[in-house]
1. Could you please give the count of residues in region 116-142 that are under 13 Å from the mean Cα position of the chain (by Cα) and within 14 Å of residue 31 (Cα to Cα)?
2. Just for region 82-107: of the residues that are in contact with a strand residue (DSSP E or B) (Cβ under 8 Å, 6 or more places away or on another chain), crowded, with 16+ Cβ neighbours inside 10 Å and more than 14 Å from residue 123 (Cα to Cα), which one is modelled with the lowest pLDDT?
3. Determine which single condition residue 73 fails, assuming it passes every other condition in (1) more than 19 Å from residue 38 (Cβ to Cβ); (2) outside any strand (DSSP E or B); (3) in contact with a strand residue (DSSP E or B) (Cβ under 9 Å, 6 or more places away or on another chain).
4. Scan region 121-142 residue by residue and report those that are surrounded by 14 or more Cβ atoms within 10 Å (Cβ to Cβ) and more than 15 Å from residue 37 (Cα to Cα).
5. Out of region 50-76, which residues are surrounded by 16 or more Cβ atoms within 10 Å (Cβ to Cβ), touching a residue at least 24 places away in the same chain (Cβ under 8 Å) and under 20 Å from residue 115 (Cα atoms)?
6. Say whether the condition of being in a loop (DSSP other than H, G, I, E, B) and free of Cβ contacts under 8 Å to residues at least 12 places away in the same chain is met by at least one residue in region 111-132.
């Protein structure tokens, strides 16, 4: 997927210029970076609970993303296979410990407001991935 910027067109008759900083927040390339969040213990809905503490989400490109849990090695989120200004589709994760049914790609809406990144689960059969991505907002690391 291309990280090309989405250009907002100003309405007729106005002197208002689009804010380049605001536009960059809505582009797939704006998602690239390292984010942190602090998760509590997983609920009973997950058979293999995630360790509580500070997690990192590391998006290295439009096609690579990793989780770094508070303990243990990093692991792929499920590499992005589709990325747009408000939606991300992550590859199926056949290793997901909480897979509900046949592994399928996971679709999420994403929103970056300043340094705060949030995900909304559209459809993902990997409950573990959904829990980590959507439980709390992520803050962009400086």
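The values are calculated or read from the model by the stated rules, or taken from the named source; none is laboratory data. Since the model is a prediction, treat every value here as computed from it, not as a measurement. All Cβ positions, even for glycine, are placed from backbone atoms using ideal geometry, and neighbour counts span all protein chains on display.
1. The qualifying residues number 9.
2. Here the answer is 98.
3. (3)
4. 121, 124, 125, 126, 127, 128
5. Of everything in region 50-76, those that are surrounded by 16 or more Cβ atoms within 10 Å (Cβ to Cβ), touching a residue at least 24 places away in the same chain (Cβ under 8 Å) and under 20 Å from residue 115 (Cα atoms) turn out to be 55, 56, 57, 58, 59, 62, 65, 67.
6. no
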